[in-house]
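Comments concern the structure below.
The values are calculated or read from the model by the stated rules, or taken from the named source; none is laboratory data. Everything numeric in this text was worked out from a predicted model, so none of it was measured. A quick note on method: Cβ atoms are made from the backbone with ideal geometry, for glycine too, and the neighbour counts reach across all protein chains shown. Accessible surface is based on the protein model in full, side chains and every heavy atom, while ligands, DNA and RNA are left aside. Shrake-Rupley method; radii C 1.70, N 1.55, O 1.52, S 1.80 Å.
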Amino acid sequence: MAVYAFAFIAFALDLARRSAQVSAGNTVAVDGSVTTAPTVRESVAAGSGASSAVLNASSATLVAERPAGGSVDGSAKSGKNGANVANGAVAADGSVTRRSLSLRLGVSFTVIGFLLELTADVLRGIAANRVPWANMYEFSMTGTVLIVAVFLVVITRVDLRFLGTFITGLVLILLGISTVNYYVVIAPLPPALQSAWLVIHVFVASLGTAFFALGFALSGIQLLQYRRETLTLGAKFLKLKFLASLPDSTRLENLAYRVNIVGFVFWTFTLIAGAVWAERAWGRYWGWDTKEVWTFIIWVIYAGYIHARATRGWRGSRSAWLAIIGFGAVLFNFGVVNVFFHGLHSYSGL
């Protein structure tokens, strides 16, 4: 949790840096890199060709003046100029692109935290001589491991590192609540859980939850971005200047839709596998147990979200709110149904 907290702080600093750079009139890319506007001398040097450039015959290095003093080198040479290029790149117009140290630190801390938590989860399973997701504490640990794992895998394909603050913040909250309220010592499994379906059903449910969590974060940002783009913003939105550096609401909506579809596929399998397991354990496929009902409610909400967007053309804030409500139902199913409702699934709150 301490390492995740460092990651959260680093990601939050990146968002603050984005806001400051947008306020300064600089261009901030989705990956956190900042393109600073060139000085007058740089612009002239970039536009005047060879007559205004100082060409060093031995290194073929184009030299320009940095806005804050020092030199900027467009080549990858060693030494002082090479160090400048290592921290950024020089565009043809003389502008300087600087990478985000805070964003790189955030990802690094997230990877370290993930490896530590994964090790703890595996050791818990070894100590219990079973899969480590038989109660609330273990499910919280395994579930948050999968949330971070999905986030880290997805950012290798699509640059969603700007979601780091929301993902690590959610993981910190879930881990904190489970550690304080739900920690239990290792205990034997109840008879109903002594089945191979425990491995399949709960793991797939956790994986679906991980994708829903990522879709929730994307939909939340999409909602803010949509309001920034379409509404007359109030004072509370004027401070969220980092939104100008993120993808537009349409791009965020498409990403959330794709992620939530993957989560929906896993959740559909969860619902089917749960019914099969219930028939093996209790002799019936469906018994209107509270946990079963809420699992079905979650499925209906996300099915409605996918159907409304695909066939009814729901876009913008309506689709975002449906995805947010769906993940709210997931959290209610986990944090309220498991704890305060009694039924055949009451063992999950142990």
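For the subset of segment 307-331 comprising residues that are open to solvent by less than 30 Å² (accessible area, probe 1.4 Å) and without any contact (Cβ under 8 Å) to a residue 60 or more places away in the chain, which member is nearest to ALA205 (Cα to Cα)?
ALA329
Kindly list, by first and then second residue, each pair from a residue in segment 192-208 that is farther than 16 Å from ALA275 by Cβ to a residue that is assigned to a helix (DSSP H, G or I), limited to pairs with Cβ atoms under 6 Å and residues at least 6 apart or on different chains.
Filtered contacts from segment 192-208: SER206/THR142; SER206/GLY143; SER206/LEU146; LEU207/LEU146; LEU207/PHE266.
Restricting the search to segment 208-253, which residues are assigned to a loop (DSSP other than H, G, I, E, B) and either modelled with pLDDT of 85 or more or over 21 Å from the mean Cα position of the chain (by Cα) (or both)?
First, the residues of segment 208-253 that are assigned to a loop (DSSP other than H, G, I, E, B): 231-234, 239-240, 246-248.
Scanning segment 208-253 gives LEU231, THR232, LEU233, GLY234, LYS239, LEU246, PRO247, ASP248.
Can PHE203 be described as within 18 Å of VAL153 (Cα to Cα) and at pLDDT 95 or above? If you could, list the steps in order and put the result at the bottom.
Working: within 18 Å of VAL153 (Cα to Cα): yes; at pLDDT 95 or above: no.
Here the answer is no, as PHE203 does not meet what is asked.
Look through VAL199, VAL153, VAL180, VAL171 and report the one residue that is open to solvent by 50 Å² or more (accessible area, probe 1.4 Å), among the β-branched types (Val, Ile, Thr), in a helix (DSSP H, G or I) and within 26 Å of SER108 (Cβ to Cβ). Break it down stepwise before answering.
Numbers: VAL199 fails: within 26 Å of SER108 (Cβ to Cβ); VAL180 fails: within 26 Å of SER108 (Cβ to Cβ); VAL171 fails: open to solvent by 50 Å² or more (accessible area, probe 1.4 Å).
That would be VAL153, the only listed residue that is open to solvent by 50 Å² or more (accessible area, probe 1.4 Å), among the β-branched types (Val, Ile, Thr), in a helix (DSSP H, G or I) and within 26 Å of SER108 (Cβ to Cβ).
Return the pair list, or none, for Cβ contacts closer than 7 Å from residues in segment 212-231 that are more than 19 Å from TYR305 (Cα to Cα) to residues that are part of a helix (DSSP H, G or I), at least 6 apart or on different chains.
Listed pairs, sorted by first residue: GLN225/LEU243; GLN225/SER249; GLN225/LEU252; ARG227/PHE237; ARG228/PHE237; ARG228/LEU243; GLU229/SER249.
For segment 177-216, enumerate the residues that are closer than 21 Å to THR268 by Cα and among the small types (Gly, Ala, Ser). Talk me through it step by step, then tell me what you get.
We begin by selecting, within segment 177-216, every residue closer than 21 Å to THR268 by Cα; these are 193, 195-216.
Correct list: SER195, ALA196, ALA205, SER206, GLY208, ALA210, ALA213, GLY215.
Taking the options PHE296, PHE211, PHE269, PHE242, name whichever one is of a type outside the set (Lys, Arg), closer than 26 Å to THR168 by Cα and open to solvent by 30 Å² or more (accessible area, probe 1.4 Å). Outline the logic, then answer.
Details: PHE296 fails: closer than 26 Å to THR168 by Cα; PHE269 fails: closer than 26 Å to THR168 by Cα; PHE242 fails: open to solvent by 30 Å² or more (accessible area, probe 1.4 Å).
The conditions single out PHE211.
What's the number of the condition TYR302 fails, among (1) closer than 30 Å to ARG228 by Cα; (2) free of Cβ contacts under 8 Å to residues at least 12 places away in the same chain; (3) of a type outside the set (Val, Ile, Thr)?
(2)
Which of the residues spanning segment 1-56 are hydroxyl-bearing (Ser, Thr, Tyr) and either open to solvent by 30 Å² or more (accessible area, probe 1.4 Å) or at pLDDT below 55 (or both)?
We begin by selecting, within segment 1-56, every residue hydroxyl-bearing (Ser, Thr, Tyr); these are 4, 19, 23, 27, 33, 35-36, 39, 43, 48, 51-52.
Selection gives SER23, THR27, THR35, THR39, SER43, SER48, SER51, SER52.
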